[in-house]
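Here's the structure, in structure tokens; my notes come after.
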Amino acid sequence: MSYRVGKITNIRSPTNSIKEYEIILEDPIEPEPGQFAMLWIPRVGEIPLSFADAEGEYIKFIVARVGKVTSRMHDGLAIDDRVFIRGPLGRGFRQVSGGRVLLVAGGYGLAPLYFLAKRLKADGCGVKALLGFKSDEDIFHQEEFGRFGEVEVSVEHGLSGYRGTVLDLFRGMVRSGSFDKVYVCGKEELNLAVSRECLRVGVPVEASFERIIKCGAGICGSCSIEPLGLRVCKDGPILGGEAIAPILEADES
Ligand SMILES: Cc1cc2nc3c(=O)[nH]c(=O)nc-3n(C[C@H](O)[C@H](O)[C@H](O)COP(=O)(O)OP(=O)(O)OC[C@H]3O[C@@H](n4cnc5c(N)ncnc54)[C@H](O)[C@@H]3O)c2cc1C
């Protein structure tokens, strides 16, 4: 797959460790929420990023500072710089129309869920988002999610919203039985715990998984979820509760 060229039109820094990049591509694309792109910085590297929004030529990425490529993005990219992307790649969320949905995000895991919330609202769903952060200074995108439905924030250390983990917040809520579908994106432990709880109470669930993705084409095997043999870049990154049920059961025993 060849690279698409885009130009950065806006950069925001909602927190010390997060930057949002708005990009205009040369040609329009039609990613589904949950799909990702491989973003290449020449002479630095290439990384997978979820589409946090997309419409025609416009796309948005939300990027946490982690290591080599993401730090280079944070420190080096400026408005009008060019970026190169491969994508859309992978399988997105299976969307429902109508009904009540619950979104559970851990930190920058809110990126694909923001794009999803926008689509779900447009499709007539009632959306509730739970956004989990470590501390008050890490909170971002609360108002943006508010455009599409209800939002609750949790912090592990701080004064805002619910005090505790987003998993605890979620557990208290899903048992009310008033949601038709749950979508989660965060660290693996959060994805697995939320999926397990949903299977237990009989609510359909999908989670967005992370692995080190290299080829992005389902060939190299670097992103396989073992022992299931599911490739995050091709079979995922979005996987339903049934697909990962064997590892959920194994974790419990
Ligand atoms: C499908 C998918 C979608 C993603 N979407 C987003 C997004 O929207 N926003 C965002 O900020 N990040 C996203 N990520 C994560 C992002 O790709 C990584 O943070 C990035 O590749 C790190 O690159 P780096 O060069 O900055 O860090 P590196 O220098 O490569 O690594 C720093 C450290 O982080 C570890 N690490 C790096 N990548 C991963 C990973 N994927 N899983 C586990 N450990 C890792 C490395 O092993 C190393 O210890 C996504 C990942 C996947 C697989």
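The values are calculated or read from the model by the stated rules, or taken from the named source; none is laboratory data. Note that the coordinates shown come from a computational prediction; the quantities given were computed from them, not determined experimentally. All Cβ positions, glycine included, derive from the backbone under ideal geometry; neighbour counts span all protein chains shown.
Here are a few things to note about the model shown:
- Among the residues of this structure, Val203 does not count as one that is under 21 Å from Val66 (Cβ atoms) and either within 16 Å of the ligand (Cβ to nearest atom) or not small (Gly, Ala, Ser) (or both).
- Filter pass, Lys214 being under 15 Å from the mean Cα position of the chain (by Cα), within 16 Å of the ligand (Cβ to nearest atom) and under 25 Å from Cys233 (Cα atoms): no
- Listing of strands (runs of 3 or more DSSP E) fully contained in segment 54-135 that carry 1 or more residues being closer than 17 Å to Ala37 by Cβ and within 16 Å of the ligand (Cβ to nearest atom): 58-64, 82-89
- Residue in segment 121-128 that is under 15 Å from the mean Cα position of the chain (by Cα), over 20 Å from Thr9 (Cα atoms) and outside the structural domain of Ile29 (by TED's automatic domain parsing) present: no
- Residue in segment 46-53 that is in contact (Cβ under 8 Å) with a residue 40 or more places away in the chain, more than 9 Å from the ligand (Cβ to nearest atom) and in a loop (DSSP other than H, G, I, E, B) present: no
- Scanning segment 14-42 for residues that are surrounded by fewer than 19 Cβ atoms within 10 Å (Cβ to Cβ) and either hydrophobic (A, V, I, L, M, F, W, C) or more than 13 Å from the ligand (Cβ to nearest atom) (or both) yields Asn16, Glu22, Ile24, Leu25, Glu26, Asp27, Pro28, Glu30, Trp40, Ile41, Pro42.
- Single residue of Phe36, Phe61 found to be of a type in the set (Phe, Trp, Tyr) and touching a residue at least 60 places away in the same chain (Cβ under 8 Å): Phe36
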